[in-house]
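The values are calculated or read from the model by the stated rules, or taken from the named source; none is laboratory data. Fair warning: this is a prediction, and the values are worked out from it, not measured in the lab. Don't worry about glycine lacking a Cβ; one is built from the backbone with ideal geometry, like all the others, and counts go over all protein chains shown. Accessible surface is based on the protein model in full, side chains and every heavy atom, while ligands, DNA and RNA are left aside. Shrake-Rupley method; radii C 1.70, N 1.55, O 1.52, S 1.80 Å.
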Amino acid sequence: MGHAPEEESRVSLRRIFCCYSKLLPLGNLQSLSFKNLSLSLSFFIVGGITCILSLICALVLAYLDQRAERILHKAQGKTGEVIKVTDVKDFSLPLWLIFIICVCYYVAVFPFIGLGKVFFTEKFGFSSQAASAINSIVYVISAPMSPIFGILVDKTGKNIIWVLCAVVTTLAAHIMLAFTLWNPWIAMCLLGLSYSLLACALWPMVAFVVPEHQLGTAYGFMQSIQNLGLAIISIIAGMILDTRGYLFLEVFFIACVSLSLLSVVLLYVVNRARRGNLNYSARQREEIKLSHAE
Ligand SMILES: C[C@H](NC(=O)[C@@H](N)CCCCN)C(=O)O
């Protein structure tokens, strides 16, 4: 006997999810409603499509890069320098400080957002939808603001000062969330703005302190340390939440951002003492570029 169309789709979806359930702990499939199954499948499809799009973009980029190399007759990336993993031991003190700022800053952003939904429902009595909305505002703000902040940082230079502004604003946002009952939208918007500004000012600094042939190694290392920090802190944050509650967790995040702030101040001092280029204005950078070209 034939199934009704909705029942047929349900059966097909269940078959697909039965296959996935062998690989993933999706929970009790029997309790999943038709709506939940379709929604989950849509997420899988959207995820798959974005991965394929990324792959296509990467292939096009590789083709364009090779074409530029051929047309301009230049051997891109071939500077004659040998790249070794042991380059890490030659990383300078400013670069290590940039790594510390990165880890201590992001561990107070990504894991906080990960646990944010419950925070807003428990502390501020938000509904599930409202908590999801406020939790995503950081990325919503980052989408339009990052290019604007990027232009601002390029036009002014002074990267350490911008990083300092971003870290101080993030600290203020966490303090507001921890110790006040002010409307949390204010703190989350501040977090969104400062998170966007930090990315534009911090990550490019690596290129100012590392020779071109070691850039991949340095960024790879930064990403690796960041993720190691995120992995460890996410576990610790979950444990703090389970055993001590939200206020303690927020105090922990405040301590992480404070460490990041301390590292920014140290970076400012070290850069100044070494007459480094991290806090040059855009005009100073332009003058140096012109003098090198002569
Ligand atoms: C630019 C910076 N990127 C990262 O920190 C990435 N390693 C991880 C991105 C994860 C985004 N949810 C940033 O996002 O500010």
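Over 24 Å from the mean Cα position of the chain (by Cα), on the phi > 0 side of the Ramachandran plot and in the same structural domain as TYR139 (by TED's automatic domain parsing): which single residue out of ARG244, ARG275, ARG283 fits that description?
Checking each option against the conditions leaves just ARG275.
Name the residues in the range 229-245 that are without any contact (Cβ under 8 Å) to a residue 40 or more places away in the chain and not β-branched (Val, Ile, Thr), would you?
Listed by number, the residues that qualify are ALA231, MET239, ASP242, ARG244, GLY245.
Can you pull out every residue in the range 215-237 that is modelled with pLDDT under 95 and open to solvent by less than 20 Å² (accessible area, probe 1.4 Å)?
Result: ALA218, single match.
Condition check: open to solvent by 60 Å² or more (accessible area, probe 1.4 Å) and out of contact with any helix residue (DSSP H, G or I) (no Cβ under 7 Å at 6 or more places or on another chain). Does ALA255 satisfy that?
It is false that ALA255 is open to solvent by 60 Å² or more (accessible area, probe 1.4 Å) and out of contact with any helix residue (DSSP H, G or I) (no Cβ under 7 Å at 6 or more places or on another chain).
Looking only at the range 204-228, how many residues end up being in contact (Cβ under 8 Å) with a residue 60 or more places away in the chain, within 11 Å of the ligand (Cβ to nearest atom) and over 25 Å from ILE134 (Cα atoms)?
Residues flagged as in contact (Cβ under 8 Å) with a residue 60 or more places away in the chain, within 11 Å of the ligand (Cβ to nearest atom) and over 25 Å from ILE134 (Cα atoms) within the range 204-228 amount to 2.
Looking at (1) away from the ligand (no atom under 16 Å from the Cβ); (2) surrounded by fewer than 17 Cβ atoms within 10 Å (Cβ to Cβ); (3) outside any loop (DSSP other than H, G, I, E, B), which is the one condition that is false for LEU164?
Checking LEU164 against (1) away from the ligand (no atom under 16 Å from the Cβ); (2) surrounded by fewer than 17 Cβ atoms within 10 Å (Cβ to Cβ); (3) outside any loop (DSSP other than H, G, I, E, B), the one that fails is (2).
Looking only at the range 168-195, how many residues end up being open to solvent by 30 Å² or more (accessible area, probe 1.4 Å) and within 15 Å of the ligand (Cβ to nearest atom)?
3
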